[in-house]
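Here the structure is laid out as structure tokens; the discussion comes afterwards.
No value in this document is a laboratory result; all are computed from the given coordinates. Please read all numbers here as calculations on a predicted model, not as lab measurements. We place every Cβ from the backbone using ideal geometry, glycine too, and count neighbours over all the protein chains shown.
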Amino acid sequence: MNATQNQPLILAQLADPQIGFKDYEGELARFRREIDLLNADDCQAVVICGDMMHLTSRESLAFFQEELARLRKPVYLVAGNHDVGQGPSSRQLFEERFGPTFYAVDLPGGAQRLVVLDTDLWQNPASATAVMDDFLQAELTQARSSGQRLVLAVHVPVFIDSVGEAVEYFNLPLERRKWLLELLEGSSVAAVLSGHSHTAFAFVWKGILFSGAETTSDAFDKVNYGYRRLVFDGDWLRFSTVPVLTP
């Protein structure tokens, strides 16, 4: 283990910029302000948990990428239903511009590894679903050997209020939820980051933080616009909200 692995990792979790959802000008202004705040933040990396634009097109994704280019931090994108679920063309456009929708990368310092998953492949099974399942299981096995802690990033929350809650638009199907939680129990996963619900929540299950971040789009729970700042420090994990306010 190198010296930098003993330093805390500060990770910024964003959810659902979804520019164009209800208030295009307001959503864009808040996202631009968010980038300014992130550039001034001492976070080492940024994860955006899906739904970059409300409508996916070649032009909208190019626009989002231009806006994102102002961010002077490593940024990792999670595919949301508005990114890849608007028909085959939306998935193709997203992958052409941003690359694979499930992947893994070592986070700064090397003590944590980010595993990004595509929940659309769980809600709408395709040939790639089994490939992603195998990929996740391989990452969990590797982490047990390496001693790295994993941070999973998804779009659709596994659950919001309770493990056995009823299936709805904002969580995973029960069968898939059960499969995933059985994999995670006793694993080296420290946190599961999500978006999609447009509500901010935090739930600890079996020592794993399930974190639904604040948004700069329409906040269904009427909490502050903002992003979530997570600090991984050895066995400690703490988080806070950074409000995003515009004039």
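Tabulated data
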item: Every residue from region 217-242 that is outside any loop (DSSP other than H, G, I, E, B), within 18 Å of the chain's Cα centre (by Cα) and either closer than 20 Å to residue 26 by Cβ or in contact (Cβ under 8 Å) with a residue 12 or more places away in the chain (or both); result: 226, 227, 228, 229, 230, 231, 232, 237, 239, 240, 241, 242
item: Residue satisfying condition, being closer than 26 Å to residue 136 by Cα, touching a helix residue (DSSP H, G or I) at 6+ places or on another chain (Cβ under 9 Å), surrounded by 13 or more Cβ atoms within 10 Å (Cβ to Cβ) and not small (Gly, Ala, Ser), within set 19, 48; result: 48
item: Residue that is at negative phi, touching a residue at least 40 places away in the same chain (Cβ under 8 Å) and in a helix (DSSP H, G or I), where the choices are 136, 150; result: 136
item: Single condition residue 51 does not satisfy, out of (1) part of a loop (DSSP other than H, G, I, E, B); (2) touching a residue at least 40 places away in the same chain (Cβ under 8 Å); (3) within 22 Å of residue 233 (Cα to Cα); result: (3)
item: Residue within region 195-205 that is without any contact (Cβ under 8 Å) to a residue 40 or more places away in the chain and either over 17 Å from residue 17 (Cα atoms) or not in a loop (DSSP other than H, G, I, E, B) (or both) present; result: yes
item: Conditions (1) touching a strand residue (DSSP E or B) at 6+ places or on another chain (Cβ under 6 Å); (2) more than 18 Å from residue 122 (Cβ to Cβ); number of the one not met by residue 139; result: (2)
item: Verdict on residue 32 being under 19 Å from residue 155 (Cα atoms), part of a helix (DSSP H, G or I) and basic (Lys, Arg); result: no
item: Meets criteria (more than 24 Å from residue 236 (Cα to Cα) and of a type outside the set (Lys, Arg)) for residue 104; result: no
item: Residue in region 51-62 that is closer than 27 Å to residue 201 by Cβ, surrounded by fewer than 17 Cβ atoms within 10 Å (Cβ to Cβ), polar (S, T, N, Q) and over 14 Å from the mean Cα position of the chain (by Cα) present; result: no
item: Selection from region 108-131 of residues that are surrounded by 21 or more Cβ atoms within 10 Å (Cβ to Cβ), of a type outside the set (S, T, N, Q) and assigned to a loop (DSSP other than H, G, I, E, B); result: 111, 117, 118
item: Qualifying positions in region 209-224 - aromatic (Phe, Trp, Tyr) and out of contact with any strand residue (DSSP E or B) (no Cβ under 9 Å at 6 or more places or on another chain); result: 220
item: Which listed residue, of 66, 27, is without any contact (Cβ under 8 Å) to a residue 24 or more places away in the chain, over 17 Å from the mean Cα position of the chain (by Cα), part of a helix (DSSP H, G or I) and farther than 17 Å from residue 229 by Cβ; result: 66
